[in-house]
Amino acid sequence: MSTRIAFLKGHGTENDFVIVPDPENALELSPAAVAALCDRRAGIGGDGLLHVVRSAAHPDARHLASEAEWFMDYRNGDGSIAEMCGNGVRVFAHYLQRAGHVGEGDLAVATRGGVKSVHIDKEGDITVGMGKALLPEGDVTVSVADHSWPARNVNMGNPHAVAFVDDLAHAGNLFTAPSFTPATAYPDGVNVEFVVDRGPRHVAMRVHERGVGETRSCGTGACAVAVAAARRDGLDPAVTGSPVTYAVDLPGGRLVITERADREIEMTGPAVIVAEGEIDTDWLAGLETVNP
Ligand SMILES: N[C@@H](CCC[C@H](N)C(=O)O)C(=O)O
C-alpha cells in the first residue's frame, strides 16, 4: 500500500512553487524527483520547489540552526539548487505561519544565501531583508535573437545580469536562454532581467531564470533591477544617507524594493497558498525506475 507525502502549492507574484514540508529531512528529493514534481503536465507544476526543513536537520543549514529554526531548501524547476529565492522566502514564511510554526511579526529563515529576516504584516504582505547587493565588475553583453544590450552584473546571493532595453518585447519569446559575450561570463549560469522605465523610480521587467526559463516574477531579480536602476540614475543611498525605493512591475505583479542608507535591501510583496494535497509515493518511486 502506498504512503503519501503532503504538499502545498503557492506563489508570490505568480512565481509558483511546490511546497514540501519535511521538518526532519526524512525525504530523499533527488533532482529528478524535483523536476518531475515541478513538471506542469506530468507533475504538480511549479517554477521551483520549497523543501521545508528544520535547519538542525539539514547538513547545508545545521550551522545556522541557532539563528533560524527553519531552512528553505530551495530547488529550481529543473532540479538544480540555487542559493536564494526572494519570492520563495515570502511563500515559505507564509506557509510557516499558516502551519502554526510561527506567529505574525518577525522571523528568521535560513537559506543557502544566509539567514534572511522576514516580517509578516497584518494585511499579509511580507517584507524580507534581502541583504546587500554585490556589483561585480566586468563588461558583459546579453543577446536575444538580433538584439544585444550591455548588462550589469548584480549578485543577490545568486547571480543576475540586468539589461536596460527600449521595449520588453525585444527580449522575444525567451523560450531559450539569452546568450552572452564573453560566452564564458557565467560558468554557473545566470538569471537575466530585461528592464524598461515606467516613471520616476518605477520600472517594469521580464526575467529568464537560471534552471527554470521565463517566469512571471523573480524576487532576487527585482532587487537586482532596483539596485542597477538606482546606480544608473545616480542614486546611492550610502552617499545621500536616504533610502531609495523602486516599484518593480513584473508580469505577475508588483514588488517594492527599498535600499536603505546602509545598503541593506528590503523587498515587500504578497504570498499566496492556493492548494494542498498528497503526493503518491508509488509515483515518486516509479520515477526513479524510469529515470535512474
Ligand atoms: N525566483 C527566484 C529565484 C530562484 C533562483 C534562480 N532561478 C537561480 O537559479 O538563481 C526569486 O524570486 O528570487
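Starting from segment 207-220, keep only residues that are farther than 16 Å from Met156 by Cα, then list their pairs with residues that are of a type in the set (Ser, Thr, Tyr) and surrounded by 19 or more Cβ atoms within 10 Å (Cβ to Cβ) whose Cβ atoms are within a distance under 8 Å, requiring at least 6 positions of separation or different chains.
Correct list of pairs: Arg216/Thr13.
Just to be sure before I move on: is Ala222 closer than 17 Å to Gly131 by Cβ, away from the ligand (no atom under 13 Å from the Cβ) and in contact with a strand residue (DSSP E or B) (Cβ under 9 Å, 6 or more places away or on another chain) in the structure I sent?
In short, no.
Among (1) surrounded by 14 or more Cβ atoms within 10 Å (Cβ to Cβ); (2) assigned by TED's automatic domain parsing to the domain that holds Pro182; (3) away from the ligand (no atom under 16 Å from the Cβ), where does Ala108 come up short?
Evaluating Ala108 over (1) surrounded by 14 or more Cβ atoms within 10 Å (Cβ to Cβ); (2) assigned by TED's automatic domain parsing to the domain that holds Pro182; (3) away from the ligand (no atom under 16 Å from the Cβ) leaves (2) as the failure.
Among Gly189, Gly277, which is the only one that is modelled with pLDDT of 95 or more, assigned to a loop (DSSP other than H, G, I, E, B) and out of contact with any helix residue (DSSP H, G or I) (no Cβ under 9 Å at 6 or more places or on another chain)? Write out each step before concluding.
Details: Gly277 fails: assigned to a loop (DSSP other than H, G, I, E, B).
On inspection, the qualifying residue turns out to be Gly189.
Does segment 196-212 hold any residues that are assigned to a strand (DSSP E or B), more than 9 Å from the ligand (Cβ to nearest atom) and of a type in the set (D, E, K, R), and which are they?
Answer for segment 196-212, where residues must be assigned to a strand (DSSP E or B), more than 9 Å from the ligand (Cβ to nearest atom) and of a type in the set (D, E, K, R): Asp197, Arg198, Arg206.
Take segment 54-87 and flag every residue that is among the hydrophobic types (A, V, I, L, M, F, W, C), more than 19 Å from Ile126 (Cα to Cα) and surrounded by fewer than 23 Cβ atoms within 10 Å (Cβ to Cβ).
Once the filter is applied, which keeps residues that are among the hydrophobic types (A, V, I, L, M, F, W, C), more than 19 Å from Ile126 (Cα to Cα) and surrounded by fewer than 23 Cβ atoms within 10 Å (Cβ to Cβ), segment 54-87 yields Ala56, Ala57, Leu64, Ala65, Ile81.
Just checking, does segment 116-137 include any residue being farther than 30 Å from Glu67 by Cβ and not hydrophobic (A, V, I, L, M, F, W, C)?
The answer is yes, given that some residue of segment 116-137 is farther than 30 Å from Glu67 by Cβ and not hydrophobic (A, V, I, L, M, F, W, C).
When the residues of segment 1-44 are filtered to those that are within 13 Å of the ligand (Cβ to nearest atom) and part of a loop (DSSP other than H, G, I, E, B), which remaining residue is surrounded by the fewest Cβ atoms within 10 Å (Cβ to Cβ)?
If we take residues in segment 1-44 being within 13 Å of the ligand (Cβ to nearest atom) and part of a loop (DSSP other than H, G, I, E, B), then Glu14 is surrounded by the fewest Cβ atoms within 10 Å (Cβ to Cβ).
Among the residues of segment 112-168, how many are within 15 Å of the ligand (Cβ to nearest atom) and either touching a helix residue (DSSP H, G or I) at 6+ places or on another chain (Cβ under 8 Å) or not in a loop (DSSP other than H, G, I, E, B) (or both)?
Total satisfying the criteria: 21.
The values are calculated or read from the model by the stated rules, or taken from the named source; none is laboratory data. Since this is a predicted model, take the numbers as computed values, not measurements. Neighbour counts run over all protein chains shown; Cβ positions are idealised from the backbone, glycine included.
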